[in-house]
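Q: Take this structure, written in structure tokens, and hold onto it; I'll ask about it next.
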Amino acid sequence: ETFPKDDVGRDTKAYLAAMDTLKKGDIVTVFTPDDTHFEIVMEAIKRGLHVMCTKPMVKTLEQHRKIVAAAKKAGVLVAIEVHKRYDFIYEDARQRIRNLGYSLKALVVVVTVVVTVALAVVVVVVVVY
């Protein structure tokens with residue numbers, strides 16, 4: 001079942017209808033535009049629902065603190081969902097970047113040595129000439 005129904009136009013409060021079907025202790029996943037997270041997460045907490053929200057959970061430290069306080073008071077768990085953390089493609093990209101970083105460090109060392117040797121040769125040539 002989807003919320004809103006597939007044939008309904010834009011409904012920015014559809015999450016309320018979805019939460020109406022849940023019971024205290026159920027879990028919701030918030031995967032909506034970033035600026036909607038706070039309102040939806042707070043509503044879920046108010047209803048006694050556990051929450052998993054994609055990052056960034058909210059935009060301000062104040063909002064984070066309000067969520068933490070509300071979750072403690074309601075006795076629910078709230079977590080930030082990081083769905084790409086262990087994705088093979090992202091892990092491969094991270095590893096390539098790490099390797100590139102080491103390669104760049106090695107390249108800088110080699111270039112530094114080459115430039116130093118080249119300058120020494122230039123100095124020798126100028127002195128000899």
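The values are calculated or read from the model by the stated rules, or taken from the named source; none is laboratory data. Keep in mind that what you see is a predicted model, and the values were worked out from it rather than measured. Every residue, glycine among them, receives a Cβ derived from its backbone with ideal geometry; neighbour counts consider all protein chains shown. Protein only, heavy atoms only, side chains kept; ligands, DNA and RNA dropped before computing areas. Shrake-Rupley method; radii C 1.70, N 1.55, O 1.52, S 1.80 Å.
Q: Considering only residues that are touching a Leu at 6+ places or on another chain (Cβ under 8 Å), assigned to a loop (DSSP other than H, G, I, E, B) and open to solvent by less than 60 Å² (accessible area, probe 1.4 Å), which ones fall in segment 41-50? Explain how you work it out, then say what you get.
A: Here is the first cut: in segment 41-50, the ones touching a Leu at 6+ places or on another chain (Cβ under 8 Å) are 43, 47, 49-50.
In the following step, the residues that additionally are assigned to a loop (DSSP other than H, G, I, E, B) were identified as 47, 49.
If the condition is that a residue be touching a Leu at 6+ places or on another chain (Cβ under 8 Å), assigned to a loop (DSSP other than H, G, I, E, B) and open to solvent by less than 60 Å² (accessible area, probe 1.4 Å), then LEU49 is the only one that fits.
Q: Right, next: Do the conditions hold for GLU91, that is, is it touching a Cys at 6+ places or on another chain (Cβ under 8 Å), surrounded by 12 or more Cβ atoms within 10 Å (Cβ to Cβ) and at pLDDT below 95? Lay out the reasoning, then the answer.
A: Working: touching a Cys at 6+ places or on another chain (Cβ under 8 Å): no; surrounded by 12 or more Cβ atoms within 10 Å (Cβ to Cβ): yes; at pLDDT below 95: yes.
Answer is no for this residue.
Q: Can I ask one more? Return the residues of segment 51-77 that are open to solvent by less than 50 Å² (accessible area, probe 1.4 Å) and touching a strand residue (DSSP E or B) at 6+ places or on another chain (Cβ under 8 Å); say none if nothing qualifies.
A: VAL51, CYS53, THR54, MET57, ILE67, ALA71, VAL76
Q: Restricting the search to segment 77-89, which residues are of a type in the set (A, V, I, L, M) and out of contact with any helix residue (DSSP H, G or I) (no Cβ under 6 Å at 6 or more places or on another chain)? I'd like the intermediate steps shown before the answer.
A: Quick first cut of segment 77-89, residues of a type in the set (A, V, I, L, M) only: 77-80, 82, 89.
The answer is LEU77, ALA79, ILE80, VAL82, ILE89.
Q: Name the pairs whose Cβ atoms lie under 6 Å apart, with the first residue in segment 31-48 and under 16 Å from ALA69 (Cβ atoms), the second assigned to a helix (DSSP H, G or I) and at pLDDT 95 or above, and 6 or more positions between them or separate chains?
A: From segment 31-48, the pairs are PHE38/GLN63; VAL41/ILE67; ILE45/ALA70; ILE45/ALA71; ILE45/ALA74; GLY48/ALA74.
Q: Would you point out the residue of segment 1-40, among those that are of a type outside the set (Ser, Thr, Tyr), assigned to a loop (DSSP other than H, G, I, E, B) and within 27 Å of GLY75 (Cβ to Cβ), that is most open to solvent (accessible area, probe 1.4 Å)?
A: Within segment 1-40, the first condition is being of a type outside the set (Ser, Thr, Tyr), and the residues that meet it are 1, 3-11, 13-14, 16-20, 22-28, 30-31, 33-35, 37-40.
Narrowing the set further to residues that are assigned to a loop (DSSP other than H, G, I, E, B) leaves 1, 3-11, 13, 22-26, 31, 33.
Add one more test, that the residue is within 27 Å of GLY75 (Cβ to Cβ), and what stays is 3, 13, 22-26, 31.
Working: PHE3: 86, LYS13: 88, LEU22: 64, LYS23: 135, LYS24: 162, GLY25: 43, ASP26: 39, PHE31: 129 Å².
The selected residue is LYS24.
Q: So VAL58 ticks every box in (1) in contact with a helix residue (DSSP H, G or I) (Cβ under 6 Å, 6 or more places away or on another chain); (2) at pLDDT 95 or above but one. Which box is left unticked?
A: Tallying (1) in contact with a helix residue (DSSP H, G or I) (Cβ under 6 Å, 6 or more places away or on another chain); (2) at pLDDT 95 or above, VAL58 fails exactly one: (2).
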